[in-house]
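Working notes, structure below.
The values are calculated or read from the model by the stated rules, or taken from the named source; none is laboratory data. Only a predicted model underlies this, so the values are computations on that prediction, with no experimental measurement involved. Heads up, the Cβs are rebuilt from the backbone with ideal geometry, glycines too, and the neighbour counts pull from every protein chain shown.
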Amino acid sequence: MSREKTLVLLKPSTVQRGLIGQILTRFERKGLRLAGIKMIQLTDEILNEHYAHLSTIPAFQRIKNSMMAAPVIACCYEGVDAVQVVRAMTGVTNGRAAAPGTIRGDFAMSPQENIVHTSDSPENALVEINRFFKPEEIFDYEQNALPYLYYMDEYNG
């Protein structure tokens, strides 16, 4: 177990469908601490960097077009095993195959218009957070609910 940060991007489909509050509420109710949040319009340049690993697939331009269709909400969450927790809450990439109760299982019907992007590892989370946030946009503050979310030294351990 380790305390870590992770990136969540609420995609244009989330913004256009008016689901921002419902998605943010799920992470908040789980007990993840919001360390940073902002609305941004993604550009071709940042998407070429962010999705470089997909640059050779035929759908690459379609993916970028989808991500530039409207602003996104960039969030940085923190918690014990945050990357794993967020990915479990999110569900598999294809919304039609995602389990009910997951974010994609409840809100998505597509592998592309699938509500959120989440970091896939603690190492990538750090890279992605630095891509979308300046250091002064990430906040560290005492969450008063910590004793009710974690057992004793679990959070700082």
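Key figures for this structure:
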read-out	value
Some residue of region 23-31 being at pLDDT 95 or above and more than 30 Å from L149 (Cβ to Cβ)	no
Unique match (being at pLDDT 95 or above and surrounded by fewer than 13 Cβ atoms within 10 Å (Cβ to Cβ)) among E45, E4	E45
Meets criteria (at pLDDT below 90 and surrounded by 15 or more Cβ atoms within 10 Å (Cβ to Cβ)) for Y151	no
Filter pass, A52 being modelled with pLDDT under 95 and either among the acidic types (D, E) or closer than 16 Å to V127 by Cβ (or both)	yes
Every residue from region 25-51 that is under 13 Å from the mean Cα position of the chain (by Cα) and small (G, A, S)	A35, G36
Out of S110, S119, sole residue that is in contact with an Asp or Glu (Cβ under 8 Å, 6 or more places away or on another chain) and among the small types (G, A, S)	S119
Matching entry among R104, R87 (being surrounded by 15 or more Cβ atoms within 10 Å (Cβ to Cβ), charged (D, E, K, R) and out of contact with any strand residue (DSSP E or B) (no Cβ under 7 Å at 6 or more places or on another chain))	R104
Positions within region 108-123 being touching a residue at least 40 places away in the same chain (Cβ under 8 Å) and either among the basic types (K, R) or under 19 Å from G36 (Cβ atoms) (or both), in sequence order	V116, H117, T118, S119, P122
Residue within region 74-82 that is at pLDDT below 95, hydroxyl-bearing (S, T, Y) and within 30 Å of D153 (Cα to Cα) present	no
Positions within region 91-109 being out of contact with any helix residue (DSSP H, G or I) (no Cβ under 7 Å at 6 or more places or on another chain), within 18 Å of I63 (Cβ to Cβ) and not hydrophobic (A, V, I, L, M, F, W, C), in sequence order	T93, N94, R96
Region 55-85, residues that are closer than 14 Å to N114 by Cβ and assigned to a helix (DSSP H, G or I)	R62, I63, S66, M67
Candidate set from region 130-157 (those that are in a helix (DSSP H, G or I), among the aliphatic types (A, V, I, L, M) and within 22 Å of the chain's Cα centre (by Cα)); member that is farthest from K30 (Cα to Cα)	L146
Candidate set: region 7-24, residues that are under 13 Å from the mean Cα position of the chain (by Cα) and farther than 17 Å from E113 by Cα; chosen: the one surrounded by the fewest Cβ atoms within 10 Å (Cβ to Cβ)	L24
